[in-house]
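Asks: First the structure, which I've put down as structure tokens, then a few questions once you've had a look.
Each value in this text was obtained by applying a stated rule to the coordinates, not by laboratory testing. Bear in mind that the values here come from a model prediction, so they are computed numbers and not experimental data. With ideal geometry, Cβ positions are generated from the backbone for all residues, glycine too; neighbour counts draw on all protein chains shown.
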Amino acid sequence: MATSTPTKRAAPSSTSQRPAKKGHWSQGLLESMNDPNLIVESDERLVIIKDKYPKARYHFLAIPKINVPNLKALKREQSELLRYMQDQCHLLASKYPHAEFRYGYHAIPSMSQLHLHMISQDFDSPCLKTKRHWNSFNTKYFLDSEDVIRCLEERGMVVTMTPIAGEKLLDQPLKCHKCIYSPQNMPKLKQHLYKHINN
């Protein structure tokens, strides 16, 4: 059939199935790793940077210096690397004793190169704008660092979720992470969050 050739050519519809082009926005972390204005800590194994678009007062990313595209690329023996990344974030957190942090990974990250989020739980930031921003850190879309390490150690791989399941989580109704309040929109949620920040 004459139409079969173009159909086969267009088969990979997801960008996750093919490498991003050089200079593509998804490669931004690789550039940020070398930006002295963003680097907070660095050693021979990893770099910790400030998130360029922080979703809270304190939002950092721990990034290994070896090439690890994402969670699915990890092997069992690399659980020690994840533990090291988490430990270094805990050390950094000790510099902010007034802040409460969570440590974790997005189940389906938008950026290439593995990165561990270290984010304060105030969520007080002008960069936190949308329901998807909120739900990416406050639903099961955000995988706790300890759970990821345990899964890798026990199963030899990190089990995440399908893109469809991820979209459902990102589209869930808004809900405060501290109480049962369910606002209609982000402005109301952000206004509500100040009650928790000030208490």
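Asks: Give me the helices (runs of 4 or more DSSP H) completely within the stretch 39-155, filtered to those with at least 1 residues that are closer than 27 Å to residue 195 by Cα and touching a Cys at 6+ places or on another chain (Cβ under 9 Å), ordered by residue number.
Replies: 131-138
Asks: Which numbered condition trips up residue 91, out of (1) exposed (fewer than 14 other Cβ atoms within 10 Å of the Cβ); (2) within 17 Å of residue 47 (Cβ to Cβ); (3) hydrophobic (A, V, I, L, M, F, W, C); (4) in contact (Cβ under 8 Å) with a residue 60 or more places away in the chain?
Replies: Exception for residue 91: condition (4).
Asks: Here's a follow-up. Residues to consider are 177, 192; find the one that is within 21 Å of residue 121 (Cβ to Cβ), of a type outside the set (Asp, Glu), touching a Cys at 6+ places or on another chain (Cβ under 7 Å) and surrounded by 13 or more Cβ atoms within 10 Å (Cβ to Cβ).
Replies: Unique residue meeting the criteria: 192.
Asks: Quickly run through the stretch 53-82 and pick out the residues that are among the charged types (D, E, K, R) and closer than 13 Å to residue 115 by Cα.
Replies: Of everything in the stretch 53-82, those that are among the charged types (D, E, K, R) and closer than 13 Å to residue 115 by Cα turn out to be 65, 72.
Asks: Now for a separate question. Going by the structure shown, is residue 199 closer than 23 Å to residue 51 by Cβ and without any contact (Cβ under 8 Å) to a residue 60 or more places away in the chain?
Replies: So residue 199 fails the test.
Asks: Restricting to the stretch 156-196, count the residues that are in a helix (DSSP H, G or I) and either in contact with a helix residue (DSSP H, G or I) (Cβ under 6 Å, 6 or more places away or on another chain) or closer than 21 Å to residue 109 by Cα (or both).
Replies: So the answer is 8.
Asks: A follow-up question, please. Name every residue in the stretch 128-141 that is under 14 Å from residue 110 (Cβ atoms) and either of a type in the set (Gly, Ala, Ser) or surrounded by fewer than 19 Cβ atoms within 10 Å (Cβ to Cβ) (or both), in order of residue number.
Replies: The answer is 130, 132, 133, 136.
Asks: Looking at the stretch 23-30, is at least one residue free of Cβ contacts under 8 Å to residues at least 60 places away in the same chain and at positive phi?
Replies: Looking for residues that are free of Cβ contacts under 8 Å to residues at least 60 places away in the same chain and at positive phi, one finds at least one in the stretch 23-30, hence yes.
Asks: Restrict the check to the stretch 175-184 and report whether at least one residue is touching a residue at least 60 places away in the same chain (Cβ under 8 Å), over 17 Å from the mean Cα position of the chain (by Cα) and farther than 27 Å from residue 114 by Cα.
Replies: No, because not a single residue in the stretch 175-184 is touching a residue at least 60 places away in the same chain (Cβ under 8 Å), over 17 Å from the mean Cα position of the chain (by Cα) and farther than 27 Å from residue 114 by Cα.
Asks: Tell me, which residue of the stretch 31-79 that is farther than 21 Å from residue 138 by Cβ and among the small types (Gly, Ala, Ser) is surrounded by the most Cβ atoms within 10 Å (Cβ to Cβ)?
Replies: Among residues in the stretch 31-79 that are farther than 21 Å from residue 138 by Cβ and among the small types (Gly, Ala, Ser), the one surrounded by the most Cβ atoms within 10 Å (Cβ to Cβ) is 32.
Asks: Which of the residues belonging to the stretch 34-91 are over 16 Å from the mean Cα position of the chain (by Cα) and β-branched (Val, Ile, Thr)?
Replies: Once the filter is applied, which keeps residues that are over 16 Å from the mean Cα position of the chain (by Cα) and β-branched (Val, Ile, Thr), the stretch 34-91 yields 39, 40, 66.
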